[in-house]
Amino acid sequence: MSSFSRSAQQWATFARSWFVIDARMQPPGKIATMCSIRLQGKHKPIYHALSDCGDHVVVINTKQIAFSGNKWEQKVYSSHSGYPGGFKQVTAAQLHHKDPKAIVKLAVYGMLPRNLHRRTMMQRLHIFADDELPEDIRANLTEELPQPRKIPRKLSEYTQEEIDAFPRLWTPPEDYKMK
């Protein structure tokens, strides 16, 4: 009996799991750190830098990622073609409009170790702009990872009792006209 549980435990340790992460209203850096840990296999007790024991990671809703502050206009992604005058700079908003998956992909790529395993690990990263997944990937999913940041609620999601209970900083006079 104990050998059966031991073999099941070993299978669970060495098998490649499929994790899903919802990137809706999450910063790309937080999503990238969670992805890179799972892709490298650092969450497993058998992790070794030379062994390829990482899992598959599926990231959904990358179209709805969130940057803090003014990073949509201030963060710049650079590339060079190798030819003279081939230096290109693009803001995060422009890159996200062109390809909603690119920002998360670049963030994960930057957090993986710079060695020969990097390409193999990136092949196990599956990114989707929406929450619609292909049926073959949906059949493989084993676990959903929690979101690193709590999603703020919209004003329309609050009940009238919660709005009335919220402390007022200033009460306008009766003759005050709102613009």
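Read-outs throughout are calculated quantities, based only on the coordinates presented, and are distinct from any laboratory measurement. None of these values were measured; they are calculated from a predicted model. Glycine also receives a Cβ, built like all others from the backbone with ideal geometry; neighbour counts cover every protein chain displayed.
Points to keep in mind about this one:
- 3J(HN,Hα) couplings calculated from phi for region 9-25 with the Karplus curve 6.51 cos²θ - 1.76 cosθ + 1.60 (θ = phi - 60°) are, in sequence order, 5, 5, 4, 5, 6, 8, 6, 8, 8, 10, 9, 10, 10, 8, 8, 5, 6 Hz; Gly and Pro show x.
- Under the simplified labelling scheme, the Ala15-Ile46 pair shows an inter-label distance of 1.3 nm, with each label point 7 Å from Cα along Cα→Cβ.
- For a modelled paramagnetic label at Ile151, 7 Å from Cα along Cα-to-Cβ, the residues of region 39-66 in reach, with backbone nitrogen under 18 Å, are 58-66.
- Too-long pairs where the Cα-Cα distance tops 22 Å, listed order kept, from Lys71/Lys179; Lys75/Lys154; Lys105/Lys154; Lys30/Lys75; Lys101/Lys154; Lys30/Lys105: Lys71/Lys179; Lys75/Lys154; Lys105/Lys154; Lys101/Lys154
- Separation between Cα centres of region 149-177 and region 14-87, rounded to whole Å: 37
- Counting only aspartates and glutamates at least 8 places from Lys177 when in the same chain, there are none with an alpha carbon closer than 16 Å to its own.
- Full extension of the chain between Arg114 and Lys30 gives 28.3 nm of extra length, using 0.36 nm per residue less the Cα-Cα distance.
- Estimated inter-spin distance, Gln160 and Trp72, nm [label 7 Å along Cα→Cβ]: 3.3
- The mean sequence distance of close C-alpha pairs (under 8 Å, at least 6 residues apart), as a share of the length of the chain, puts its relative contact order at 29 percent.
- Where chymotrypsin sites (Phe, Trp or Tyr not before Pro) fall in DSSP loop in region 96-179, at most 15 other Cβ within 10 Å: Tyr158, Trp170, Tyr176
- Once the Cα-Cα distance is subtracted from the 0.36 nm per residue extended length, the Thr91 to Ala129 segment shows a gain of 11.8 nm.
- By the rule of a C-alpha distance below 15 Å, with chain neighbours fewer than 8 residues away ignored, the aspartates and glutamates paired with Lys44 are Asp52, Asp55, Glu143.
- Computed helical MRE - 222 nm, the chain, DSSP H runs ≥ 4 contributing -39500 (n - 2.57), nearest 500: -10000 deg cm²/dmol
- Highest to lowest packing among 113-120, 81-88, 28-35, scored as the average C-beta count within 10 Å: 28-35, 113-120, 81-88
- Cα shape, region 59-179, gyration tensor, a/c 1.5 rule: oblate
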